Amino acid sequence: MTPADRLSALIGAWRTQRVIRHVIGPTARFDGISRWSPDGAGLRCVETGTLVQDGTTFEARRETVWQASPDGLAVTFADGRPFHVVRGPTAHHDCPPDTYLLHYDWENWPRWTVRWRVTGPRKDYRALTRYRPV
């Protein structure tokens with residue numbers, strides 16, 4: 001599937017579940033909906049739901065913008081700052097002094113996952129995000 005094909009396949013609403021396992025500290029869980037909709041030359045993803053951490057529930061929201069590029073899917077934060085480029089199954093986000101390594105798994109499409117490994121002096125956790133059509 002080309003990056004442009006992958007991008008157009010994301011349009012719509014996806015049930016989103018994320019587990020964040022900190023090396024030291026509580027495990028957090030997010031449950032919500034991610035909606036990809038047209039935005040200029042790409043798609044805007046608005047993720048909304050609840051985050052439960054250490055017994056406390058929070059309303060959570062994140063926005064990103066996705067665009068097909070010759071070498072993959074370019075993902076930026078809502079304000080236009082670069083986040084990462086998905087090249088094949090992998091992506092990397094350098095946020096000094098921390099590093100984010102991501103692995104996208106599209107094999108069970110339309111169910112798909114993203115595994116995160118975040119390391120550095122400020123952060124040390126693994127996360128798994130699962131998506132499935134609503």
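Observations
- Of all residues making up the range 118-134, the number that are out of contact with any Lys or Arg (no Cβ under 8 Å at 6 or more places or on another chain) and either surrounded by 13 or more Cβ atoms within 10 Å (Cβ to Cβ) or at pLDDT 95 or above (or both): 4
- Considering only residues in the range 5-26 that are touching a residue at least 12 places away in the same chain (Cβ under 8 Å), out of contact with any Asp or Glu (no Cβ under 9 Å at 6 or more places or on another chain) and not hydrophobic (A, V, I, L, M, F, W, C), the one that is surrounded by the most Cβ atoms within 10 Å (Cβ to Cβ) turns out to be ARG6.
- Selection status of VAL23, within 18 Å of LEU128 (Cα to Cα) and not small (Gly, Ala, Ser): yes
- The lone criterion from (1) within 17 Å of VAL114 (Cβ to Cβ); (2) assigned to a helix (DSSP H, G or I) left unmet by ALA4 is number (1).
- Answer residue from the range 78-117, given it is surrounded by 11 or more Cβ atoms within 10 Å (Cβ to Cβ) and basic (Lys, Arg) and is nearest to GLN67 (Cα to Cα) among those: ARG87
The values are calculated or read from the model by the stated rules, or taken from the named source; none is laboratory data. If you're wondering where the values come from, they're calculated on a predicted model, not measured in any experiment. Virtual Cβ from ideal backbone geometry, glycine too; neighbours counted across all protein chains shown.
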